[in-house]
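Report on one structure; see the data block that follows.
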Amino acid sequence: MSAVPTTTATELLAAIKDVGTDPARGGYSRHGFDTAELELREWFTAEAGKRGLDVEVDRNGNIWAWWGAPGPDALVTGSHLDSVPGGGAFDGPLGVVSSLAAVDLLRAKGFKPSRPLALMVFAEEEGGRFGVPCLGSRLLTGATTAEAALKLKDSAGDTFADAVKAAGLDPDRIGKDEEALSRIGRFVELHVEQGRGLIDMDAPIGVATSILAHGRWRFRFTGEGNHAGATPMGARRDPMLPASQLILSARWAASSVDGARATVGRLVPTPGGTNVIASSVDVWLDARAPNDGRTRSVVERITAASKQAARDEGCELTVTEESYGDTVHFDAALREEVVAALGKAPALPTGAGHDAGILAAHVPTAMLFVRNPTGVSHAPEEHAEPDDCEAGVEALAKVLEKLAAE
Ligand code: HGY
Ligand code: MN
Ligand code: MN
Ligand code: MN
(Lines give C-alpha, C1' and ligand atoms only; values in the text may rest on other atoms or scores of the structure.)
(Ligands and ions follow the chains in the order given, each with its own letter.)
Protein backbone atom coordinates (compact mmCIF):
# COMPACT_ATOMS: atom_id res chain seq x y z
CA MET A 1 0.00 0.00 0.00
CA SER A 2 1.48 3.36 -0.94
CA ALA A 3 2.50 5.29 2.13
CA VAL A 4 -0.03 8.07 2.64
CA PRO A 5 1.81 11.41 2.60
CA THR A 6 1.12 13.37 5.75
CA THR A 7 1.40 17.12 6.02
CA THR A 8 1.46 19.40 9.02
CA ALA A 9 -1.00 22.21 9.67
CA THR A 10 1.95 24.62 9.52
CA GLU A 11 2.97 23.39 6.06
CA LEU A 12 -0.60 23.70 4.76
CA LEU A 13 -0.93 27.21 6.23
CA ALA A 14 2.37 28.13 4.59
CA ALA A 15 0.95 27.02 1.23
CA ILE A 16 -1.80 29.65 1.44
CA LYS A 17 0.01 32.37 3.38
CA ASP A 18 0.27 34.76 0.41
CA VAL A 19 -3.36 34.48 -0.68
CA GLY A 20 -5.20 37.62 0.34
CA THR A 21 -2.35 39.24 2.25
CA ASP A 22 -2.97 42.96 2.45
CA PRO A 23 0.37 44.78 2.79
CA ALA A 24 -1.47 48.11 2.94
CA ARG A 25 -3.16 47.15 6.19
CA GLY A 26 -1.17 44.12 7.28
CA GLY A 27 -3.00 40.87 7.84
CA TYR A 28 -5.45 39.24 5.44
CA SER A 29 -8.42 40.41 3.48
CA ARG A 30 -10.39 37.43 2.11
CA HIS A 31 -14.18 37.76 2.02
CA GLY A 32 -17.15 35.74 0.89
CA PHE A 33 -16.60 34.68 -2.75
CA ASP A 34 -14.08 37.44 -3.47
CA THR A 35 -10.99 36.69 -5.56
CA ALA A 36 -8.77 35.67 -2.64
CA GLU A 37 -11.39 33.47 -1.01
CA LEU A 38 -12.31 31.82 -4.32
CA GLU A 39 -8.60 31.02 -4.78
CA LEU A 40 -8.50 29.43 -1.33
CA ARG A 41 -11.64 27.41 -2.11
CA GLU A 42 -9.96 26.00 -5.21
CA TRP A 43 -6.86 25.19 -3.16
CA PHE A 44 -8.95 23.33 -0.56
CA THR A 45 -10.81 21.43 -3.29
CA ALA A 46 -7.50 20.30 -4.81
CA GLU A 47 -6.10 19.28 -1.40
CA ALA A 48 -9.26 17.32 -0.63
CA GLY A 49 -9.01 15.60 -4.01
CA LYS A 50 -5.42 14.54 -3.26
CA ARG A 51 -6.79 12.75 -0.19
CA GLY A 52 -9.46 10.92 -2.14
CA LEU A 53 -12.28 13.03 -0.69
CA ASP A 54 -15.32 13.69 -2.89
CA VAL A 55 -16.01 17.42 -3.01
CA GLU A 56 -19.40 19.03 -3.51
CA VAL A 57 -20.58 22.61 -3.01
CA ASP A 58 -24.03 23.00 -1.52
CA ARG A 59 -26.63 25.47 -2.72
CA ASN A 60 -25.36 28.15 -0.31
CA GLY A 61 -21.71 27.83 -1.30
CA ASN A 62 -20.52 25.72 1.63
CA ILE A 63 -17.96 23.11 0.54
CA TRP A 64 -18.31 19.48 1.70
CA ALA A 65 -15.39 17.05 1.19
CA TRP A 66 -16.61 13.48 1.85
CA TRP A 67 -14.52 10.56 3.07
CA GLY A 68 -16.86 7.81 1.94
CA ALA A 69 -20.31 8.24 0.49
CA PRO A 70 -22.34 11.20 1.75
CA GLY A 71 -24.92 9.95 4.09
CA PRO A 72 -27.04 10.45 7.16
CA ASP A 73 -25.59 10.73 10.64
CA ALA A 74 -22.25 11.88 9.25
CA LEU A 75 -19.43 13.10 11.44
CA VAL A 76 -18.55 16.54 10.11
CA THR A 77 -15.64 18.85 10.90
CA GLY A 78 -14.57 22.14 9.36
CA SER A 79 -14.34 25.89 9.62
CA HIS A 80 -13.92 28.83 7.22
CA LEU A 81 -11.34 30.39 4.85
CA ASP A 82 -12.57 33.97 4.80
CA SER A 83 -11.15 36.59 7.17
CA VAL A 84 -11.99 39.97 8.66
CA PRO A 85 -10.32 42.97 7.01
CA GLY A 86 -6.68 43.00 8.17
CA GLY A 87 -7.21 39.67 9.92
CA GLY A 88 -4.81 37.03 11.17
CA ALA A 89 -3.57 33.89 9.42
CA PHE A 90 -5.18 31.34 11.74
CA ASP A 91 -8.83 32.34 12.38
CA GLY A 92 -10.65 29.90 10.11
CA PRO A 93 -7.82 28.42 8.04
CA LEU A 94 -6.32 26.61 11.06
CA GLY A 95 -9.52 24.57 11.42
CA VAL A 96 -9.62 23.81 7.71
CA VAL A 97 -5.96 22.78 7.32
CA SER A 98 -6.12 20.78 10.57
CA SER A 99 -9.01 18.74 9.21
CA LEU A 100 -6.94 17.89 6.09
CA ALA A 101 -3.87 17.02 8.20
CA ALA A 102 -6.01 14.93 10.58
CA VAL A 103 -7.34 12.92 7.61
CA ASP A 104 -3.71 12.33 6.58
CA LEU A 105 -2.87 10.94 10.02
CA LEU A 106 -5.92 8.67 10.02
CA ARG A 107 -5.32 7.40 6.48
CA ALA A 108 -1.63 6.82 7.24
CA LYS A 109 -2.59 4.48 10.10
CA GLY A 110 -5.04 2.66 7.87
CA PHE A 111 -8.13 3.97 9.65
CA LYS A 112 -11.40 3.71 7.76
CA PRO A 113 -14.43 5.58 9.13
CA SER A 114 -17.42 3.36 9.84
CA ARG A 115 -19.76 6.28 9.19
CA PRO A 116 -19.76 9.06 6.56
CA LEU A 117 -17.20 11.72 7.44
CA ALA A 118 -17.05 15.18 5.84
CA LEU A 119 -14.70 18.17 6.00
CA MET A 120 -16.50 21.49 5.51
CA VAL A 121 -15.59 25.02 4.48
CA PHE A 122 -18.36 27.46 5.34
CA ALA A 123 -19.09 30.56 3.26
CA GLU A 124 -18.65 34.15 4.53
CA GLU A 125 -18.20 33.25 8.21
CA GLU A 126 -16.88 36.66 9.23
CA GLY A 127 -19.55 38.63 7.41
CA GLY A 128 -16.67 40.80 6.20
CA ARG A 129 -18.26 41.40 2.80
CA PHE A 130 -22.02 41.17 3.32
CA GLY A 131 -22.27 42.10 6.99
CA VAL A 132 -23.96 38.94 8.37
CA PRO A 133 -21.57 36.61 10.26
CA CYS A 134 -21.76 32.84 9.58
CA LEU A 135 -23.85 33.55 6.46
CA GLY A 136 -23.18 30.12 4.90
CA SER A 137 -24.15 28.16 8.01
CA ARG A 138 -27.10 30.49 8.74
CA LEU A 139 -28.46 29.88 5.23
CA LEU A 140 -27.83 26.11 5.50
CA THR A 141 -29.84 25.97 8.75
CA GLY A 142 -32.46 28.57 7.84
CA ALA A 143 -31.27 30.99 10.53
CA THR A 144 -31.08 33.55 7.72
CA THR A 145 -33.61 33.45 4.89
CA ALA A 146 -32.77 33.54 1.20
CA GLU A 147 -34.84 36.71 0.88
CA ALA A 148 -32.77 38.51 3.53
CA ALA A 149 -29.46 37.23 2.13
CA LEU A 150 -30.10 38.08 -1.51
CA LYS A 151 -30.74 41.71 -0.55
CA LEU A 152 -27.34 42.05 1.13
CA LYS A 153 -24.85 44.34 -0.62
CA ASP A 154 -21.10 44.74 -0.22
CA SER A 155 -19.33 48.11 0.02
CA ALA A 156 -18.97 48.20 -3.79
CA GLY A 157 -22.74 47.78 -4.17
CA ASP A 158 -22.56 44.19 -5.47
CA THR A 159 -25.33 41.99 -4.09
CA PHE A 160 -24.95 38.56 -2.51
CA ALA A 161 -26.88 37.26 -5.55
CA ASP A 162 -24.18 38.76 -7.83
CA ALA A 163 -21.45 37.14 -5.74
CA VAL A 164 -22.92 33.65 -5.66
CA LYS A 165 -23.69 33.83 -9.40
CA ALA A 166 -20.04 34.80 -10.06
CA ALA A 167 -19.02 31.81 -7.92
CA GLY A 168 -21.06 29.52 -10.19
CA LEU A 169 -24.07 29.10 -7.87
CA ASP A 170 -27.75 29.64 -8.64
CA PRO A 171 -29.19 32.55 -6.59
CA ASP A 172 -32.64 30.99 -6.98
CA ARG A 173 -31.49 27.96 -4.97
CA ILE A 174 -30.07 29.94 -2.00
CA GLY A 175 -31.85 29.05 1.22
CA LYS A 176 -32.42 26.45 3.92
CA ASP A 177 -30.96 23.09 2.86
CA GLU A 178 -32.89 20.45 4.82
CA GLU A 179 -31.31 17.59 2.91
CA ALA A 180 -27.73 18.72 3.52
CA LEU A 181 -28.46 19.57 7.15
CA SER A 182 -30.06 16.16 7.72
CA ARG A 183 -26.77 14.49 6.77
CA ILE A 184 -24.94 15.95 9.78
CA GLY A 185 -25.00 13.68 12.83
CA ARG A 186 -22.39 15.55 14.87
CA PHE A 187 -20.14 18.52 14.15
CA VAL A 188 -16.70 19.38 15.55
CA GLU A 189 -14.84 22.62 14.72
CA LEU A 190 -11.17 23.22 15.53
CA HIS A 191 -10.26 26.89 15.87
CA VAL A 192 -7.39 29.04 17.05
CA GLU A 193 -8.29 30.45 20.45
CA GLN A 194 -9.26 34.11 20.33
CA GLY A 195 -8.24 35.18 23.81
CA ARG A 196 -5.89 34.21 26.61
CA GLY A 197 -7.70 31.28 28.22
CA LEU A 198 -5.25 28.55 27.24
CA ILE A 199 -2.25 30.76 28.00
CA ASP A 200 -3.55 31.26 31.53
CA MET A 201 -4.30 27.52 31.86
CA ASP A 202 -0.89 26.66 30.34
CA ALA A 203 -2.59 24.17 28.00
CA PRO A 204 -2.10 23.72 24.23
CA ILE A 205 -5.64 22.45 23.53
CA GLY A 206 -9.02 23.22 25.09
CA VAL A 207 -12.68 22.29 24.55
CA ALA A 208 -15.43 24.91 24.27
CA THR A 209 -18.27 25.22 26.75
CA SER A 210 -20.21 28.20 25.39
CA ILE A 211 -20.30 31.20 23.03
CA LEU A 212 -21.49 34.67 24.08
CA ALA A 213 -24.87 35.93 22.85
CA HIS A 214 -23.93 38.20 19.96
CA GLY A 215 -25.58 40.72 17.65
CA ARG A 216 -24.80 43.41 15.11
CA TRP A 217 -26.82 46.62 14.65
CA ARG A 218 -26.53 49.40 12.06
CA PHE A 219 -27.18 52.92 13.40
CA ARG A 220 -27.88 55.46 10.61
CA PHE A 221 -27.69 59.12 11.75
CA THR A 222 -29.06 61.65 9.25
CA GLY A 223 -28.36 65.41 9.50
CA GLU A 224 -27.69 68.17 7.02
CA GLY A 225 -24.75 68.02 4.65
CA ASN A 226 -23.08 71.41 4.27
CA HIS A 227 -19.85 73.33 3.78
CA ALA A 228 -17.16 72.93 6.47
CA GLY A 229 -16.08 76.54 6.22
CA ALA A 230 -19.23 78.45 5.34
CA THR A 231 -21.48 76.91 8.03
CA PRO A 232 -21.38 78.57 11.46
CA MET A 233 -21.10 76.10 14.38
CA GLY A 234 -24.55 77.09 15.68
CA ALA A 235 -26.20 76.33 12.33
CA ARG A 236 -25.27 72.68 11.98
CA ARG A 237 -27.04 69.34 12.17
CA ASP A 238 -23.89 67.21 12.06
CA PRO A 239 -24.56 63.43 12.34
CA MET A 240 -20.96 62.86 13.43
CA LEU A 241 -21.86 64.28 16.88
CA PRO A 242 -24.43 61.59 17.85
CA ALA A 243 -22.23 59.02 16.12
CA SER A 244 -19.43 59.91 18.52
CA GLN A 245 -21.87 59.60 21.42
CA LEU A 246 -22.72 56.07 20.26
CA ILE A 247 -19.03 55.12 20.36
CA LEU A 248 -18.55 56.55 23.85
CA SER A 249 -21.75 54.97 25.18
CA ALA A 250 -20.68 51.55 23.83
CA ARG A 251 -17.69 51.74 26.17
CA TRP A 252 -19.51 52.80 29.34
CA ALA A 253 -22.66 50.72 28.76
CA ALA A 254 -20.74 47.46 28.22
CA SER A 255 -18.17 48.18 30.95
CA SER A 256 -20.98 48.36 33.51
CA VAL A 257 -22.46 44.91 32.61
CA ASP A 258 -20.56 41.80 33.74
CA GLY A 259 -18.99 39.96 30.81
CA ALA A 260 -20.47 42.29 28.17
CA ARG A 261 -18.52 43.61 25.17
CA ALA A 262 -19.57 46.39 22.77
CA THR A 263 -17.49 47.53 19.83
CA VAL A 264 -17.70 50.08 17.04
CA GLY A 265 -15.12 49.06 14.45
CA ARG A 266 -16.78 50.43 11.35
CA LEU A 267 -18.18 53.91 10.64
CA VAL A 268 -19.01 55.20 7.14
CA PRO A 269 -19.85 58.92 6.69
CA THR A 270 -21.64 60.12 3.56
CA PRO A 271 -20.25 61.70 1.45
CA GLY A 272 -16.98 61.45 3.43
CA GLY A 273 -15.20 64.65 2.38
CA THR A 274 -12.67 66.37 4.63
CA ASN A 275 -14.25 69.78 4.00
CA VAL A 276 -17.84 68.51 4.06
CA ILE A 277 -20.23 68.24 6.98
CA ALA A 278 -21.60 64.72 6.55
CA SER A 279 -25.25 64.39 5.55
CA SER A 280 -25.43 60.95 7.16
CA VAL A 281 -23.25 58.46 9.02
CA ASP A 282 -23.64 54.67 9.26
CA VAL A 283 -22.19 53.17 12.44
CA TRP A 284 -22.12 49.42 13.14
CA LEU A 285 -22.34 48.15 16.72
CA ASP A 286 -21.13 44.66 17.67
CA ALA A 287 -22.48 43.76 21.14
CA ARG A 288 -22.10 40.52 23.11
CA ALA A 289 -22.69 39.23 26.62
CA PRO A 290 -23.05 35.95 28.52
CA ASN A 291 -26.82 35.97 28.03
CA ASP A 292 -29.59 37.51 25.99
CA GLY A 293 -30.84 39.78 28.76
CA ARG A 294 -27.49 41.42 29.36
CA THR A 295 -26.81 41.85 25.64
CA ARG A 296 -30.19 43.44 25.06
CA SER A 297 -29.83 45.76 28.07
CA VAL A 298 -26.44 47.00 26.83
CA VAL A 299 -27.87 47.71 23.37
CA GLU A 300 -30.92 49.45 24.86
CA ARG A 301 -28.71 51.80 26.89
CA ILE A 302 -26.53 52.57 23.89
CA THR A 303 -29.61 53.17 21.73
CA ALA A 304 -31.20 55.50 24.30
CA ALA A 305 -28.01 57.58 24.56
CA SER A 306 -27.70 57.70 20.76
CA LYS A 307 -31.35 58.79 20.33
CA GLN A 308 -30.90 61.59 22.86
CA ALA A 309 -27.69 62.76 21.17
CA ALA A 310 -29.44 62.68 17.77
CA ARG A 311 -32.31 64.79 19.12
CA ASP A 312 -29.88 67.31 20.66
CA GLU A 313 -28.23 67.73 17.24
CA GLY A 314 -31.44 67.85 15.23
CA CYS A 315 -30.59 64.56 13.51
CA GLU A 316 -32.70 61.51 12.66
CA LEU A 317 -31.70 57.99 13.75
CA THR A 318 -32.72 54.60 12.36
CA VAL A 319 -31.46 51.41 14.01
CA THR A 320 -31.45 48.07 12.12
CA GLU A 321 -30.65 44.73 13.76
CA GLU A 322 -28.53 42.98 11.13
CA SER A 323 -27.85 39.71 12.95
CA TYR A 324 -28.42 38.16 16.36
CA GLY A 325 -27.72 34.86 18.09
CA ASP A 326 -28.44 33.91 21.70
CA THR A 327 -25.84 32.30 23.94
CA VAL A 328 -24.62 28.92 22.67
CA HIS A 329 -24.15 26.12 25.20
CA PHE A 330 -22.30 23.25 23.52
CA ASP A 331 -23.61 19.69 23.97
CA ALA A 332 -22.22 18.42 27.31
CA ALA A 333 -22.40 14.72 26.38
CA LEU A 334 -20.44 15.27 23.16
CA ARG A 335 -17.93 17.43 25.03
CA GLU A 336 -17.37 14.57 27.48
CA GLU A 337 -16.79 12.18 24.58
CA VAL A 338 -14.32 14.63 23.06
CA VAL A 339 -12.47 15.06 26.37
CA ALA A 340 -12.42 11.27 26.83
CA ALA A 341 -10.86 10.89 23.35
CA LEU A 342 -8.16 13.39 24.32
CA GLY A 343 -7.52 11.96 27.77
CA LYS A 344 -7.80 15.39 29.29
CA ALA A 345 -8.44 18.93 28.10
CA PRO A 346 -9.57 22.06 29.92
CA ALA A 347 -12.99 23.46 29.04
CA LEU A 348 -13.44 27.16 28.41
CA PRO A 349 -15.97 29.65 26.99
CA THR A 350 -15.33 31.80 23.95
CA GLY A 351 -16.29 35.38 23.15
CA ALA A 352 -15.93 34.72 19.42
CA GLY A 353 -18.74 33.45 17.23
CA HIS A 354 -18.37 30.40 14.99
CA ASP A 355 -20.27 28.29 12.46
CA ALA A 356 -20.26 25.65 15.21
CA GLY A 357 -22.42 28.08 17.17
CA ILE A 358 -25.02 28.12 14.40
CA LEU A 359 -25.02 24.32 13.93
CA ALA A 360 -25.28 23.78 17.71
CA ALA A 361 -28.99 24.63 17.50
CA HIS A 362 -29.50 21.63 15.18
CA VAL A 363 -26.96 18.89 15.94
CA PRO A 364 -24.62 17.93 18.81
CA THR A 365 -21.61 20.21 18.30
CA ALA A 366 -18.20 20.60 19.90
CA MET A 367 -15.22 22.92 19.46
CA LEU A 368 -11.52 22.39 20.00
CA PHE A 369 -9.30 25.41 20.65
CA VAL A 370 -5.58 25.69 19.91
CA ARG A 371 -3.52 27.97 22.15
CA ASN A 372 -2.81 31.45 20.79
CA PRO A 373 0.28 32.81 22.59
CA THR A 374 -0.57 36.41 21.79
CA GLY A 375 -4.22 36.10 22.80
CA VAL A 376 -4.87 38.57 19.95
CA SER A 377 -7.25 37.79 17.07
CA HIS A 378 -8.79 39.64 14.11
CA ALA A 379 -5.36 41.28 13.71
CA PRO A 380 -1.99 40.29 12.17
CA GLU A 381 -0.61 39.43 15.65
CA GLU A 382 -2.95 36.38 15.87
CA HIS A 383 -0.70 33.32 16.24
CA ALA A 384 -0.38 29.62 17.07
CA GLU A 385 2.98 27.86 17.51
CA PRO A 386 3.75 24.90 15.17
CA ASP A 387 3.90 22.45 18.12
CA ASP A 388 0.47 23.58 19.33
CA CYS A 389 -0.90 23.39 15.78
CA GLU A 390 0.30 19.77 15.58
CA ALA A 391 -1.20 19.06 18.99
CA GLY A 392 -4.44 20.36 17.51
CA VAL A 393 -4.20 18.08 14.49
CA GLU A 394 -3.50 15.06 16.71
CA ALA A 395 -6.39 16.01 18.99
CA LEU A 396 -8.77 16.39 16.05
CA ALA A 397 -7.60 13.07 14.59
CA LYS A 398 -8.24 11.33 17.93
CA VAL A 399 -11.71 12.86 18.16
CA LEU A 400 -12.60 11.95 14.56
CA GLU A 401 -11.25 8.42 15.03
CA LYS A 402 -13.29 7.88 18.20
CA LEU A 403 -16.53 9.44 16.89
CA ALA A 404 -16.29 7.90 13.40
CA ALA A 405 -15.52 4.43 14.72
CA GLU A 406 -18.70 4.15 16.79
O1 HGY B 1 -17.00 37.81 15.11
C2 HGY B 1 -16.70 36.72 15.54
O3 HGY B 1 -16.76 36.51 16.72
C4 HGY B 1 -16.22 35.61 14.64
O5 HGY B 1 -14.84 35.68 14.54
N6 HGY B 1 -16.85 35.63 13.36
MN1 MN C 1 -13.19 35.59 13.24
MN1 MN D 1 -13.31 32.10 12.91
MN1 MN E 1 -16.04 30.54 13.02
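Could you say whether any residue in segment 85-97 is touching a residue at least 40 places away in the same chain (Cβ under 8 Å) and more than 16 Å from ligand 3 (Cβ to nearest atom)? Within segment 85-97 (the criterion being touching a residue at least 40 places away in the same chain (Cβ under 8 Å) and more than 16 Å from ligand 3 (Cβ to nearest atom)), the answer is no, since none of the residues qualifies.
When Ala345, Ala352, Ala333, Ala384 are checked against the criterion of being of a type in the set (Gly, Ala, Ser) and either out of contact with any Gly (no Cβ under 8 Å at 6 or more places or on another chain) or at pLDDT below 95 (or both), a single residue qualifies: Ala333.
Scanning segment 104-135 for residues that are within 19 Å of Pro93 (Cα to Cα) and charged (D, E, K, R), we see that the one that is farthest from ligand 1 (Cβ to nearest atom) is Asp104. Applying the criterion of at least 1 residues that are more than 24 Å from Leu348 (Cα to Cα) to the strands (runs of 3 or more DSSP E) found wholly in segment 154-264 leaves 184-192, 213-222. Does segment 205-212 contain at least one residue that is more than 19 Å from Ala366 (Cβ to Cβ) and not β-branched (Val, Ile, Thr)? So far as segment 205-212 goes, no, none of its residues is more than 19 Å from Ala366 (Cβ to Cβ) and not β-branched (Val, Ile, Thr). Taken over segment 99-123, the criterion of being hydroxyl-bearing (Ser, Thr, Tyr) and either out of contact with any Ser or Thr (no Cβ under 9 Å at 6 or more places or on another chain) or part of a strand (DSSP E or B) (or both) is satisfied by Ser114 alone.
Beta carbons closer than 6 Å, at least 6 apart along the sequence or on distinct chains, pair a first residue in segment 250-273 that is farther than 26 Å from Glu224 by Cα with a second that is among the basic types (Lys, Arg) for Ala253/Arg301; Ala254/Arg261; Val257/Arg294; Ala260/Arg294; Arg261/Arg288.
Among the strands (runs of 3 or more DSSP E) confined to segment 41-98, the ones with at least 3 residues that are among the aromatic types (Phe, Trp, Tyr), more than 30 Å from Gly265 (Cα to Cα) and away from ligand 4 (no atom under 14 Å from the Cβ) are located at 63-67.
The values are calculated or read from the model by the stated rules, or taken from the named source; none is laboratory data. Every value quoted in this text rests on a predicted model; they were computed, and no experiment measured them. Heads up, the Cβs are rebuilt from the backbone with ideal geometry, glycines too, and the neighbour counts pull from every protein chain shown.
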